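The values are calculated or read from the model by the stated rules, or taken from the named source; none is laboratory data. Please read these numbers as outputs of a predicted model, since none were measured by experiment. Ideal geometry is used to build each Cβ from the backbone, glycine not excepted, and the neighbour counts take in all protein chains shown. The accessibility values were calculated without ligands, DNA or RNA, using every heavy atom of the protein model including side chains. Shrake-Rupley method; radii C 1.70, N 1.55, O 1.52, S 1.80 Å.
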Amino acid sequence: PGEQGQVDWASFGKIAIGRASRALCCFVMVLSHSRAVFARFFLDQQMENWLLGHTLAFSAFGGVPRELLYDNLKSVVLERVGDHVRYHPRLLELAGHYHFAPKPCAPYRGNEKGRVERRIQDIRHSFFAARSYHGLDDLNAQLQRWIDEIAHARPHVGGRGSVAEALAAERPCLLPLPEHPLGCDRVDVARSGKTPYIRFDL
């Protein structure tokens, strides 16, 4: 309990935002022991949303696992030579703030994080398929209800009651949250011309 979590992105096609077509991406984190899941839809897989997904997941779980297992994403691994890994500096900042150890899977060994891959399939087929929603906020609200009422209500594989009960038992074993969450906001310099319009993210 409290030792490992697994993290990944999943793509869910496109979503219309006004007249723009945006990518629909889902950040997913699973605690390996209790199988508790946190998921949130975003409009891209940029570093700011990657970091925000972590901070929201830690808050939802009420603590931080000691190790997080990843694919070799560019937001995690900048360079890899054998067992030597150069991590993204923003990920190291996140890991230092929350005191967990990042651990990338071996290349082309996505099966090493099978728990999060399984939850992504659950979200894709049990939650998302043929679902109607009105915008990103509505979709995330429906996803949270699905997690609370279905994903965490299912029996735990280890015979520890439900997943929600296993999470309650695992929570005291997680690392405590810091006093303040890591700042994840994106900050850009923007200039306006003669008209008072500033273009940002489409």
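Mind checking whether some residue in the range 36-55 is of a type in the set (S, T, N, Q), in a strand (DSSP E or B) and in contact (Cβ under 8 Å) with a residue 40 or more places away in the chain?
First pass over the range 36-55, keeping only residues of a type in the set (S, T, N, Q): 45-46, 49, 55.
The next check asks that each one be in a strand (DSSP E or B); those that pass are none.
Within the range 36-55, not a single residue is of a type in the set (S, T, N, Q), in a strand (DSSP E or B) and in contact (Cβ under 8 Å) with a residue 40 or more places away in the chain.
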Condition first: over 10 Å from the mean Cα position of the chain (by Cα) and on the phi > 0 side of the Ramachandran plot. Can you find one or more residues in the range 76-89 that meet it?
yes
Within the range 56-109, which residues are closer than 18 Å to residue 170 by Cβ and among the hydroxyl-bearing types (Ser, Thr, Tyr)?
59, 98
If I ask for residues that are open to solvent by 10 Å² or more (accessible area, probe 1.4 Å) and among the β-branched types (Val, Ile, Thr), which ones from the range 16-36 would you list?
17
Report, ordered by the first and then the second residue, all pairs with beta carbons closer than 6 Å, sequence separation of six or more or different chains, a first member in the range 5-30 that is within 14 Å of residue 137 (Cα to Cα), and a second member that is β-branched (Val, Ile, Thr).
24/15
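Filter the range 56-68 for residues that are open to solvent by 10 Å² or more (accessible area, probe 1.4 Å) and not in a loop (DSSP other than H, G, I, E, B) and give the result.
Residues of the range 56-68 open to solvent by 10 Å² or more (accessible area, probe 1.4 Å): 56, 59-60, 62, 66-67.
The answer is 56, 59, 60, 67.
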